1. Could you check, for region 155-168, whether at least one of its residues is modelled with pLDDT under 95, over 16 Å from the mean Cα position of the chain (by Cα) and surrounded by 21 or more Cβ atoms within 10 Å (Cβ to Cβ)?
2. Any residue in region 173-192 that is β-branched (V, I, T), within 13 Å of L253 (Cβ to Cβ) and in contact with a strand residue (DSSP E or B) (Cβ under 7 Å, 6 or more places away or on another chain)?
3. For region 224-240, give me each residue that is touching a residue at least 60 places away in the same chain (Cβ under 8 Å) and either within 16 Å of G140 (Cβ to Cβ) or outside any helix (DSSP H, G or I) (or both).
4. Determine whether region 177-185 contains at least one residue that is touching a residue at least 60 places away in the same chain (Cβ under 8 Å), within 20 Å of W222 (Cα to Cα), aliphatic (A, V, I, L, M) and in the same structural domain as T236 (by TED's automatic domain parsing).
5. Where residues in region 48-93 are of a type in the set (S, T, Y) and in contact with a Leu (Cβ under 7 Å, 6 or more places away or on another chain), which of them is modelled with the lowest pLDDT?
6. For residues that are β-branched (V, I, T), crowded, with 20+ Cβ neighbours inside 10 Å and in a helix (DSSP H, G or I), scanning just region 184-223, find the one that is farthest from the chain's Cα centre (by Cα).
7. Please find, among A243, A264, the residue that is touching a residue at least 60 places away in the same chain (Cβ under 8 Å) and assigned to a strand (DSSP E or B).
Amino acid sequence: MTRTRHTAVFALITAAALTLTACGSGDPAVAPAGAAGPVAKGAVPTADVVSGVKRNRAAAALLPAAVRSSGTLDIAAAVGTPPSATYLADGMTLAGTDIDFANAVAGVLGLKPRREVAAFEAILPALGSGKYDVGTGNFGVTDERRRAIDFVTYLNDGQGFAVRDDSELRKVTDLTQLCGLTVGTAAGTTFEVTLEENRHRCSEAGKKPYEVKTYSDLAAIWSSLQQGRTDVVMSTINGLRYAVKQQEGVRFLNEFKRLDVGFAFKKGTPLAPAFRAAVNSLMADGTYDRILKKWGIDASAVTTSQISPPEIK
């Protein structure tokens, strides 16, 4: 049965976010520096909270000489899951927490961000080629990923669930509560891994296993839920909270597991110390808190940046 559709504005935003091969400048449309205020339902915040960031000489000195002399930072960015990264209504300009944090770090290090949009599932494998200096995509830090990728943390987010308003689910504390249901999630994510690794538990409990449907874009995930092709969505806590505010007929269910989120690099990168120093510099000068406030994610604050910390259990 077809459920209530996305609001018109949300549909516009997500449709723009589907152009995953496009390139964005990384410079969102701006309001006066530091400006804040109410954001209309369906609108993406555009207050400029990072352009005033100053170069930190001590952090910049930690950069490899080749990167420092190039003056640029090549970023592979996954786009399509606000508030992490999305397009503004022009379909070209990028905005989001990942965009703000990457631009702010580049400012601290005295580098110009040069961003290329890529599919989420393609970024981590591509880092080893040296094509990109860093990847952004709200990448959760897991022990499995740490074996092949280095991270510099800047947020704490994690896994959560959302359902239609007519769902009988109230809180998922164990994945066996999903047995017999169809779960929609994004391809190549920690959510897909978690779901697939635990499907066997339904059979062991004498229940029908849940079905996992993966999608490569945000709009398809939410359409599947709205139209009844899936019963529940598993995604990022911040992404789910943001999305349910933009549409009718769906609700955030609960947090399931917290994970640190970090900039991603090829294993053994010499960039990590400079990035850690840059994030900590943003915390010291107040920029970090301004970014969190802009996107309404104060609960995702971390007290200090770390290089590839162990997975939160």
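The values are calculated or read from the model by the stated rules, or taken from the named source; none is laboratory data. None of these values were measured; they are calculated from a predicted model. We place every Cβ from the backbone using ideal geometry, glycine too, and count neighbours over all the protein chains shown.
1. No: zero hits.
2. To start, the set of residues in region 173-192 that are β-branched (V, I, T) comprises 173, 176, 182-183, 185, 189-190.
Now restrict to residues that are within 13 Å of L253 (Cβ to Cβ): 173, 183.
Now narrow it down to the ones that are in contact with a strand residue (DSSP E or B) (Cβ under 7 Å, 6 or more places away or on another chain): 183.
Scanning region 173-192 turns up at least one residue that is β-branched (V, I, T), within 13 Å of L253 (Cβ to Cβ) and in contact with a strand residue (DSSP E or B) (Cβ under 7 Å, 6 or more places away or on another chain).
3. Residues of region 224-240 that are touching a residue at least 60 places away in the same chain (Cβ under 8 Å), as a first pass: 225-228, 231-240.
Selection gives Q227, G228, D231, V232, V233, M234, S235, T236, I237, N238, G239, L240.
4. Residues of region 177-185 that are touching a residue at least 60 places away in the same chain (Cβ under 8 Å), as a first pass: none.
No, because not a single residue in region 177-185 is touching a residue at least 60 places away in the same chain (Cβ under 8 Å), within 20 Å of W222 (Cα to Cα), aliphatic (A, V, I, L, M) and in the same structural domain as T236 (by TED's automatic domain parsing).
5. First, pick out the residues of region 48-93 that are of a type in the set (S, T, Y): 51, 69-70, 72, 81, 84, 86-87, 93.
Cutting the leftovers down to in contact with a Leu (Cβ under 7 Å, 6 or more places away or on another chain) gives us 72, 81, 87.
Details: T72: 97, T81: 85, Y87: 93.
So the residue we want is T81.
6. Applying the filter and picking the extreme gives I221.
7. Details: A243 fails: assigned to a strand (DSSP E or B).
So the residue among A243, A264 that is touching a residue at least 60 places away in the same chain (Cβ under 8 Å) and assigned to a strand (DSSP E or B) is A264.
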